[in-house]
Amino acid sequence: MSEYILEMRDVTKRFPGVLALDKAHLKLRPGDVHCLLGENGAGKSTMMKILAGAQPADSGEILIDGTAVQILSPHHAQELGISMIYQEFNLSPYLSVAENIFLGREPRLGKSPFIDWKRMYNDSREILKRIRVDLDVRRPVNELSVAQQQMVEIAKALSVKAKIIVMDEPSATLTEHELAALFDLIRTLRSDGIGLIYISHRLEEVFEIGDQVTVMRDGQHVATKPVSELNREEIIRMMVGRELTEEYPKEFFTRGEERLRVEGLGREGAFSDVSFSLYTGEIVSLTGLVGAGRTEVARAIFGADKITAGRIFLDGKPVEVRSPQDAIKYGIGLLTEDRKNQGLVLGMTVRENTTLASLKKLVKRLFINRKEERSVAEQYVRELQIKTPSVEQVVQNLSGGNQQKVVLAKWLFTQSRVLIFDEPTRGIDVGAKAEIFKLMNALIKKGVAILMISSELPEVLGMCDRVLVMHEGRLAGELTREEASQERIMRLATGMGKAEAA
Amino acid sequence: MSAPSDSTHAAQIKRTLLTFGPLVLALILEIVIFEMIGRRQDNPGFASLNTLILVLNQSAVYGVMAVGMTFVIITGGIDLSVGSLVACAGVLCAMFVHWGGGEQVWAWIIIGWIAAVGLGMVAGSVAGLLITWFSIPPFIATLALMSSLRGLGNLATDGKPISPLPEAYNWLGRHPLWGQVPVSVVLLLLILAGGALLLNHTQFGRHVRAIGGNEESARLSGVNVMRVKWLVYVLCGMLTAVAGLILSSRLGSGSPKVGLGDELAVIAAVVVGGTSLSGGRGSIGGTFVGLLVVSVLNSGLTWIGVETFGQQVTLGVVILAAVLLDQLKTRGSAF
């Protein structure tokens with residue numbers, strides 16, 4: 001028996017024009033949480049796709065329990081005891097928890113084609129009990145929360161007797177509370193001797209849950225070390241390959257006039273009585289737990305959802321924002337949390353996405369002026385340093401950080417005066433994050449008012465001048481930069497801060 | 001020209017070749033094969049200008065409809081009512097000319113045209129409203145409309161074709177310009193050119209593609225999704241009515257029975273031309289070539305003596321081949 005449950009040696013993978021993996025390696029011990037870190041494009045996902053049998057490697061070796069194996073297909077990977085839990089779950093929404101756990105391996109009544117429901121439900125309950133999750137196994141999974149769906153995925157992995165579980169950004173959509181539950185579960189799995197590969201952009205989690213850290217950069221292995229021998233700065237330096245001068249390059253400007261004010265804003269069933277002002281020269285953060293109504297407030301201000309109460313003022317004048325068209329007319333832009341499904345048309349080019357919200361400006365006598373359109377797009381590519389071969393590149397092929405910049409370019413071209421960033425750094429690597437923050441600084445300097453929705457408290461504390469905290473659809477309090485601390489924000493966000501704020 | 005725009009030009013040419021190359025190749029192959037088989041049967045001359053005009057003439061009706069259908073399909077929708085609308089448009093125009101009773105024929109024909117095109121726009125408008133305002137899936141909304149319109153056409157005429165009609169009625173469908181090019185062919189080419197301009201060079205066309213690519217992103221970028229989708233069905237209805245006028249003029253009658261199954265033939269041409277049924281991707285040029293591939297196939301099969309039943313089987317095979325080819329292409333370029 002080998003010391004390692006999994007070894008990947010000298011794995012190389014070449015795509016047209018890119019060397020995605022260059023003799024990368026990874027060793028995983030049973031009962032370890034092994035964090036795989038690296039910027040987007042460092043090769044983490046390619047490595048995991050090869051492990052999952054979704055793509056073949058060009059060369060290199062994979063050993064499981066010390067035996068060399070060829071992973072031929074996702075199904076084969078599963079048979080070898082490898083399970084992947086992706087950000088987007090592979091669950092069938094209208095099937096029950098138990099049906100999902102046993103999908104494709106349903107227990108039968110003897111040799112008949114009929115499903116042995118009793119056994120399926122019992123076995124499912126057993127597995128869920130093992131990971132201490134309390135769920136009705138007959139419920140369809142679309143009725144479950146994201147966190148619960150994740151638990152079902154993990155149960156599914158365990159039901160196939162997985163020895164190696166890969167989790168790709170499992171925390172991205174979880175609340176603090178749910179995350180704690182996930183970590184408890186990971187600890188249980190660890191004590192059962194399962195090897196976990198944990199991919200995350202949040203370094204705090206690495207220190208909380210990780211045993212080993214492997215950092216990758218440009219398709220190569222940089223280092224593998226126990227978490228206890230590392231600190232945050234060191235990890236970032238290894239990931240970025242250079243000293244990152246500042247993670248949060250905050251610049252201060254004098255507060256100007258009021259740009260946006262909302263009074264008593266409400267939408268039935270989502271949030272109520274939200275009032276605040278946004279001034280030029282500052283970044284205001286709207287934070288709170290997931291589900292507190294932050295995104296809903298942003299969408300309402302932008303006219304994406306109807307408001308049922310309250311008023312919106314722009315430069316002191318009341319405005320009616322009934323649709324995104326109205327918002328754009330007034331110079332309000334929204335960078336949505338979900339770039340791929342709400343921010344971009346993935347199949348369109350950088351040029352087309354950049355100009356989508358303000359095509360009208362480029363229309364001369366019925367037709368779009370292509371030449372001008374291209375030069376506009378090229379200008380933003382230069383200004384925002386978007387890494388793309390040309391403006392004719394389809395945005396699907398860009399990295400997360402560059403996609404976010406294209407969304408930003410779109411709103412800059414509409415001459416937005418109020419920009420709402422909803423989780424602007426989600427799924428974006430450390431280096432690109434700092435770049436996005438620098439762009440925010442430049443925008444404030446130009447007189448744009450910024451509202452930033454974020455769940456990442458370090459980023460809230462690092463970049464904002466004021467913090468608005470929401471709790472269950474209401475504003476729970478407002479803190480200045482000086483007053484704000486992780487603890488105070490969390491108290492307000494969890495509804496414990498009422499007395500203190502008053 | 002600076003270096004970067006040169007490279008984007010090259011990329012564009014490459015993309016165009018990649019999109020149309022295989023189709024054009026298939027087209028040429030078809031012509032060569034039919035010519036060769038024809039010669040064996042002592043019947044040369046398939047590859048000729050005459051055939052081209054014949055093919056274009058035959059595809060005018062489908063072609064005009066296919067332009068509208070391309071827009072609909074790019075938004076991710078579908079319009080099944082075109083086959084019935086083709087019949088209704090022809091019937092309505094023929095009714096006006098018939099009422100006119102030989103007096104001031106041209107005035108009545110023009111009134112008939114306007115009425116038919118108006119009907120097409122109203123029908124498209126109804127489909128568009130059902131789909132946008134009432135959120136009925138396009139498949140269902142236009143399926144219902146397909147049935148109702150067919151019924152209306154039959155009710156209005158008691159199920160019998162309206163004829164005879166004056167000689168002038170044939171102008172749109174059969175009159176040759178410059179000696180041999182029928183008016184309908186000229187009209188088809190104009191509508192194709194107009195459709196391509198609309199899709200590729202106007203705000204409307206860009207919005208159509210954006211909606212098909214990602215409706216929610218488009219909405220949040222300030223695209224008036226409801227209006228654009230509604231307009232797409234109005235456009236499709238309008239062009240379908242024009243196609244109905246061409247057909248009715250060619251037949252010299254207004255029959256409520258024509259156009260049965262046309263929706264499928266038109267969708268086939270659009271899909272063979274590389275427009276994705278899931279929306280966002282497609283072109284008028286592709287539709288034109290797709291249309292030619294299908295029409296040349298039908299004419300060619302007739303040329304070598306394969307009749308309707310055989311043609312139906314072959315068309316099915318061609319549709320599958322085209323879609324498979326397209327899938328291979330998108331899979332190949334995914335990484």
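The values are calculated or read from the model by the stated rules, or taken from the named source; none is laboratory data. The model shown is predicted, which means the values in this text are computed figures rather than measured ones. In this analysis, Cβ positions are derived from the backbone assuming ideal geometry, glycine residues included, and neighbour counts consider all displayed protein chains.
Some notes on this structure:
- Filter pass, B:S84 being more than 29 Å from B:V185 (Cβ to Cβ) and among the polar types (S, T, N, Q): no
- Qualifying residue in region A:71-87 (condition: touching an Asp or Glu at 6+ places or on another chain (Cβ under 7 Å), farther than 28 Å from A:V430 by Cβ and without any contact (Cβ under 8 Å) to a residue 24 or more places away in the chain): no
Condition check ((1) within 25 Å of the chain's Cα centre (by Cα); (2) not in a loop (DSSP other than H, G, I, E, B)) across all residues:
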{"residue": "A:R259", "(1), (2)": "no, yes"}
{"residue": "A:S275", "(1), (2)": "no, yes"}
{"residue": "A:L278", "(1), (2)": "no, yes"}
{"residue": "A:L286", "(1), (2)": "yes, yes"}
{"residue": "A:A292", "(1), (2)": "yes, no"}
{"residue": "A:T295", "(1), (2)": "yes, yes"}
{"residue": "A:A300", "(1), (2)": "yes, yes"}
{"residue": "A:D305", "(1), (2)": "yes, no"}
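- Residue match in region B:324-332 (condition: in a loop (DSSP other than H, G, I, E, B), within 14 Å of chain A (Cβ to nearest Cβ) and not β-branched (V, I, T)): no
- Counted residues, region A:211-233 - those being over 30 Å from A:I444 (Cα atoms), outside any loop (DSSP other than H, G, I, E, B) and acidic (D, E): 1
- Filter result for A:T287 (away from every other protein chain (no Cβ under 14 Å), in contact with a Gly (Cβ under 7 Å, 6 or more places away or on another chain) and not basic (K, R)): no
- Every residue from region A:315-348 that is assigned to a strand (DSSP E or B), more than 8 Å from chain B (Cβ to nearest Cβ) and buried (at least 21 other Cβ atoms within 10 Å of the Cβ): A:I332, A:G333, A:L335
- Test for A:R311: is it surrounded by 20 or more Cβ atoms within 10 Å (Cβ to Cβ), among the charged types (D, E, K, R) and more than 8 Å from chain B (Cβ to nearest Cβ): no
- Screening B:G237, B:G212, B:G173, B:G153 for residues that are touching a residue at least 40 places away in the same chain (Cβ under 8 Å), under 22 Å from the mean Cα position of the chain (by Cα), within 14 Å of chain A (Cβ to nearest Cβ) and assigned to a helix (DSSP H, G or I) leaves exactly one candidate, B:G212.
- Residue that is farthest from the other protein chains (Cβ to nearest Cβ), among those in region A:1-41 that are over 27 Å from the mean Cα position of the chain (by Cα) and among the polar types (S, T, N, Q): A:S2
- Scanning region B:85-125 for residues that are closer than 14 Å to B:C236 by Cβ and outside any helix (DSSP H, G or I) turns up nothing.
- For the criterion of being assigned to a strand (DSSP E or B) and modelled with pLDDT under 90, A:L19 passes.
- Residue match in region A:234-250 (condition: surrounded by 18 or more Cβ atoms within 10 Å (Cβ to Cβ), touching a residue at least 40 places away in the same chain (Cβ under 8 Å) and part of a strand (DSSP E or B)): no
- Only one of the listed residues (A:E378, A:E372, A:E383) is facing chain B (nearest Cβ under 9 Å) and of a type in the set (D, E). That residue is A:E378.
- Look at (1) surrounded by fewer than 20 Cβ atoms within 10 Å (Cβ to Cβ); (2) farther than 30 Å from B:P161 by Cα and you find that B:G77 fails only one, number (1).
- Scan region A:162-210 for residues that are part of a strand (DSSP E or B), within 18 Å of A:A147 (Cα to Cα) and not hydrophobic (A, V, I, L, M, F, W, C) and the total you get is 2.
- Looking across region B:150-208, the residues that are surrounded by 16 or more Cβ atoms within 10 Å (Cβ to Cβ) and charged (D, E, K, R) come down to B:R150, B:R174, B:R206.
- Only one of A:I62, A:I131 that is within 24 Å of A:A24 (Cα to Cα) and not small (G, A, S): A:I62
- Just one of the listed residues (A:S92, A:S45) is among the polar types (S, T, N, Q) and outside any loop (DSSP other than H, G, I, E, B), namely A:S45.
- Within region A:136-147, the set of residues being surrounded by fewer than 18 Cβ atoms within 10 Å (Cβ to Cβ) and either without any contact (Cβ under 8 Å) to a residue 12 or more places away in the chain or of a type outside the set (D, E, K, R) (or both) comprises A:P140, A:N142, A:E143, A:S145, A:V146.
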